[in-house]
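Report on the following structure.
The values are calculated or read from the model by the stated rules, or taken from the named source; none is laboratory data. Please read these numbers as outputs of a predicted model, since none were measured by experiment. Note: ideal-geometry Cβ built from the backbone for every residue, glycine included; neighbour counts use all protein chains shown. Only protein heavy atoms, including side chains, enter the accessible area calculation; ligands, DNA and RNA are left aside. Shrake-Rupley method; radii C 1.70, N 1.55, O 1.52, S 1.80 Å.
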Amino acid sequence: MAILNCVQGGLECLMGLFTGGIGVFISIMLQAERNNPGNRNNNAPPAGMEWILGGGYLAVGLVILAAGILRLYAGYRNFRYRS
């Protein structure tokens, strides 16, 4: 059970890093779309949207990462307590 807990924690850490990376990527891409001189239709996202979406994804990613780290620690402690 402890090993499965560690595996789950590792997968949660990967998901947290991936979600945080998506937040950074979204904020960079939305800012680049607004600053694109070839945008003739003026369909750029509203100002500040990159901070809202990017910050939201980054916050969720950090929460998932913290949960994964705690699960890894719990799995390690369960493995050490197996006597």
Checklist entry - Which whole-number percent is the relative contact order of the chain (Cα, under 8 Å, 6+ apart)? => result 56
Checklist entry - Simple spin-label model, 7 Å along Cα-to-Cβ: Val24 to Ala59 in nm? => result 2.0
Item to check | Apportionment of accessible area to carbon and sulfur, the chain, percent (1.4 Å) | outcome: 67
Checklist outcome for this item: Among Ile52, Met15, Asn36, the residue whose Cα sits farthest towards the positive end of the charge dipole of the chain (+1 at Cβ of Lys and Arg, -1 at Cβ of Asp and Glu, taken about the Cα centre) is Met15
Item to check | Most fluctuating residue given options Ile52, Ile26, Ile69, as computed from a GNM of the chain linking Cα atoms under 10 Å | outcome: Ile52
Checklist entry - Can you pull the three principal axis extents for the Cα set of the chain, in Å, largest first? => result 69, 17, 11
Checklist entry - Counting Lys +1, Arg +1, Asp -1, Glu -1, what net charge surrounds Arg71 among other residues with beta carbon under 14 Å of its beta carbon? => result 0
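Dipole of the chain, Cα-centred, from +1 at each Lys and Arg C-beta and -1 at each Asp and Glu C-beta, to the nearest 20 debye? Intermediate results must be reported in sequence, preceding the final value.
Working: 6 positive and 3 negative charges, 72 e Å.
So the dipole magnitude of the chain works out to roughly 340 debye.
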Checklist outcome for this item: Checking the range 1-75 for trypsin sites (Lys or Arg not before Pro) in a loop per DSSP with at most 10 other beta-carbon atoms within 10 Å yields Arg40
Checklist entry - For the chain, with every protein chain kept in place, what is the accessible area per residue (1.4 Å probe, Å²)? => result 76
